[in-house]
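Report on the structure given below.
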Amino acid sequence: MIPAERFTVRAARALQDAVDLARRTGNPAVEDVHLLSALLDQDEGVVGPILAKAGADPGAVRAETSAALGRLATQSGAQPSASRELSKVIDDADAQVRRLDDQYVS
């Protein structure tokens, strides 16, 4: 995973919101869909407008995301950890940052 200091403020907040969502809903793992949900819920976030510009309906994506969250396994007292899928999303994003030589840090 990317060191925490390399995340933007919004990215770090989205990851924390994803962990909080997994914890609240009793999911044993923080999945990529938790992160998508957190990104969609960000005030003044960029995900909704990017989806719309790409031709997707942000409301439909939000509905599908909610449905996917509802299908996840639950476990009482779960302390969620990052799933393999979430780790891959973050690692792929880091690879893109490195490929583009993006020097932005928060």
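Every number here is computed from the coordinates shown, using simple stated rules; none is lab data. Note that the structure is predicted; figures quoted are calculated from it, not measured. For neighbour counting, all protein chains shown are included, and Cβ atoms are generated from backbone atoms with ideal geometry for every residue, glycine included.
In the elastic network of the chain, a GNM with C-alpha springs shorter than 10 Å, the most mobile of 32, 43, 91 is 43. Of the residues 58, 80, 39, the one whose Cα sits farthest towards the positive end of the charge dipole of the chain is 80 (charges of +1 on Lys and Arg Cβ, -1 on Asp and Glu Cβ, taken about the Cα centre). Per-residue ellipticity at 222 nm from helix content only, as computed over the chain with -39500 (n - 2.57) for each DSSP H run of at least four residues, stands at -19000 deg cm²/dmol. Here the Karplus relation 6.51 cos²θ - 1.76 cosθ + 1.60, evaluated at θ = phi - 60°, turns the backbone of the range 43-50 into coupling constants of 5, 6, x, 9, 5, x, x, 5 Hz, with x for every Gly and Pro. With a cut-off of 15 Å between beta carbons, the residues surrounding residue 13 carry a summed charge of -4, where Lys and Arg count +1 and Asp and Glu -1.
What the Cα atoms of the chain give is an Rg and a Dmax of 14.2, 43 Å.
Around the Cα centre of the chain, unit charges on the Cβ atoms of Lys, Arg, Asp and Glu (plus for the first two, minus for the last two) sum to a dipole of about 180 debye. Summarising the amide proton neighbourhood of residue 29: residues at separation of 5 or more, or on other chains, whose placed amide H is nearer than 5 Å comprise 81.
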